[in-house]
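First up is the structure itself, then whatever we jot down about it.
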Amino acid sequence: MGLFSKGIKLPKKRLGTATFDLIETVLPKRAVLPLKQYIGEPAQPTVKAGDKVKTGQLIANGDRDNALPLYATISGKVVAITEHLDHKGTTVPAIIIEADGTDTWIKSPTEEENLSSLAPLEILERIHKAGLITKGLLPVPLVRDLVPVDQPKTHLYLTGTRVVKKIDTLLITALDPEPSLRANRYLASIHNEELSYGITALKLITGAERTLFVVDKNSPPCPQLHDMVAADEEETTGITSIDGRRFPVGLSVPLLKATLGREVPIPYGHPRDVGVAIYDIDTVVSIGTSVHRKIPQVDSLITVGGGALSKEGIARIRIGTPIGELIESLGGFRENPAKIILGGPMMGMAQYDLAIPITKDIPGLFALRRDEIQLTEGYRECINCGLCVKVCPVNLVPGMLSMYCARDRFEMAEQQGLFSCIECGCCDYVCPARRPLVHFFRHAKNQLLEG
Ligand code: SF4
Ligand code: SF4
């Protein structure tokens, strides 16, 4: 961890209960499926209101790269194709399906054992067809993020020098974006046959010669990962453990610094610029499933937590489940929540409508009690204490940035590195003036992106 010393060490209270229990949930009565759950173009519906659909059936087409196909996540009847609110507060077109309660699948999955005979483009095609996206701040179709070994991308460094970088390392992380989220650490602790298919697929696509697992030293043991390291006679697979409680070490930019000592160029750099393909275990397992069994993504593994929820743990739920239905299926609220968040408590977004659906880019749902939240009402002027600078993992000056944003001087904020901000919330967390810094930054980015 000596390579990454910024960020913050979260107190136990902010980590939530460290349960890794898998909770049973029931199928939703309705699924709300936005045509776009990533940055890109929306998929085009292939069904209309009144059509009956089966689970796994294609309901909207998406071209390669900019749009992804969309599949029914429950069987039932399409009741509407209409505008619906998403977790970012925007209205998006969505297909709404009412369940018939049978969960009838369109077809049984096929299995293909020998992936090594597949060409990288065939593997990419299967990943695209499964509708997989990247994790993180700006989710994109996963195929846009993957660089085939025979088609390396050219990248522009800030110095103006164009370079083509070969991927030398496949870094697979068992850390979660925030310590309160636990899906990756849970997946790393159990055996999952799709994981090795996912790794094979990624190595074939990227040409990476070395694989490095990163695990959290505070989490349950990961026997499958250790077995894979031991079984690799060529010794190209390794494992390293770090302290996942130092937030935000689970995010790719700080994680690369913490594990390999490589710095991603900011603001517009990518891990591939330093020769690394980095994916979390959940994504690698999904890749394995899509390539090995050719089934689309219809569900998602998310963390559910917070003192106001009756049950906490990890839940596999169908994409499109409205959050109200998910909460009901968890036994409802233990007490009235002070705040409901989609994402994690540090980086997630507060929600005000229980009809919002869980989409592919949402890693968690938290219903927090009053004593679990930090209120930011009545913030004060910056007192230049410098605490935010000390913790910022990407070396920004958040206090100054926030002043530009608060005065609508967005271009100045951009010049000072606004788009390098990974919205981790560390600056918010330490600010004694309670300035809602991430809120300022998100607003400024939106203003600049919308032109
Ligand atoms: S400025 Fe952005 S990256 Fe830096 S601490 Fe604040 S939220 Fe995190
Ligand atoms: S922590 Fe808050 S008060 Fe201190 S410099 Fe940063 S923005 Fe200003």
task: Hey, can you tell me all the residues within the stretch 375-396 that are assigned to a loop (DSSP other than H, G, I, E, B) and either under 23 Å from the mean Cα position of the chain (by Cα) or within 16 Å of ligand 1 (Cβ to nearest atom) (or both)?
output: T376, Y379, C382, N384, C385, G386, C392, P393, V394, N395, L396
message: Here are the criteria: (1) crowded, with 22+ Cβ neighbours inside 10 Å; (2) modelled with pLDDT under 90. Tell me which single one Q151 does not satisfy.
response: (1)
- line: Residues of the stretch 397-409 being assigned to a loop (DSSP other than H, G, I, E, B) and within 12 Å of ligand 1 (Cβ to nearest atom), in sequence order, are V397
task: Might you let me know whether the stretch 62-83 holds any residue that is among the hydroxyl-bearing types (S, T, Y), surrounded by fewer than 21 Cβ atoms within 10 Å (Cβ to Cβ) and at pLDDT below 95?
output: no
- prompt: So which residues in the stretch 410-442 are touching a Ser or Thr at 6+ places or on another chain (Cβ under 6 Å) and in a loop (DSSP other than H, G, I, E, B), if there are any at all?
  reply: R434, R435, P436
field: V291, sole failed condition from (1) outside any loop (DSSP other than H, G, I, E, B); (2) in contact (Cβ under 8 Å) with a residue 24 or more places away in the chain; (3) farther than 22 Å from V140 by Cβ
entry: (3)
query: Restricting the search to the stretch 264-317, which residues are among the small types (G, A, S) and within 21 Å of Y186 (Cβ to Cβ)?
result: S286, G288, S290, S300, G305, G306, G307, S310, G313, A315
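Every residue, every condition in (1) under 27 Å from the mean Cα position of the chain (by Cα); (2) in a loop (DSSP other than H, G, I, E, B); (3) within 30 Å of Y352 (Cα to Cα), yes or no:
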{"site": "K48", "(1), (2), (3)": "no, yes, yes"}
{"site": "L68", "(1), (2), (3)": "yes, yes, yes"}
{"site": "A80", "(1), (2), (3)": "no, no, yes"}
{"site": "E83", "(1), (2), (3)": "yes, no, yes"}
{"site": "E122", "(1), (2), (3)": "yes, no, no"}
- request: Report, ordered by the first and then the second residue, all pairs with beta carbons closer than 7 Å, sequence separation of six or more or different chains, a first member in the stretch 231-243 that is in contact (Cβ under 8 Å) with a residue 12 or more places away in the chain, and a second member that is among the β-branched types (V, I, T) and in a loop (DSSP other than H, G, I, E, B).
  value: I242/V249
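Every residue, every condition in (1) outside the structural domain of D280 (by TED's automatic domain parsing); (2) closer than 26 Å to T283 by Cα; (3) touching a His at 6+ places or on another chain (Cβ under 7 Å), yes or no:
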| site | (1), (2), (3) |
| --- | --- |
| G320 | yes, yes, no |
| L326 | yes, yes, no |
| S329 | yes, yes, no |
| F333 | yes, no, no |
| N336 | yes, no, no |
| I340 | yes, yes, no |
| G343 | yes, yes, no |
| Q351 | yes, yes, yes |
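Matching residues to (1) outside the structural domain of I319 (by TED's automatic domain parsing); (2) out of contact with any helix residue (DSSP H, G or I) (no Cβ under 7 Å at 6 or more places or on another chain); (3) not hydroxyl-bearing (S, T, Y):
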position	(1), (2), (3)
A355	no, no, yes
T359	no, yes, no
V394	yes, no, yes
C424	yes, yes, yes
Single residue of the stretch 407-451 satisfying the filter (touching a residue at least 40 places away in the same chain (Cβ under 8 Å) and of a type in the set (F, W, Y)) that is nearest to ligand 2 (Cβ to nearest atom): Y429
- prompt: Across the stretch 379-394, what is the total count of residues that are in contact (Cβ under 8 Å) with a residue 24 or more places away in the chain and within 14 Å of ligand 2 (Cβ to nearest atom)?
  reply: 11
field: Checking V391 against (1) farther than 21 Å from R245 by Cβ; (2) surrounded by fewer than 23 Cβ atoms within 10 Å (Cβ to Cβ), the condition it does not meet
entry: (1)
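The values are calculated or read from the model by the stated rules, or taken from the named source; none is laboratory data. This structure is a prediction, so every number in the text was calculated from the model and none was measured. With ideal geometry, Cβ positions are generated from the backbone for all residues, glycine too; neighbour counts draw on all protein chains shown.
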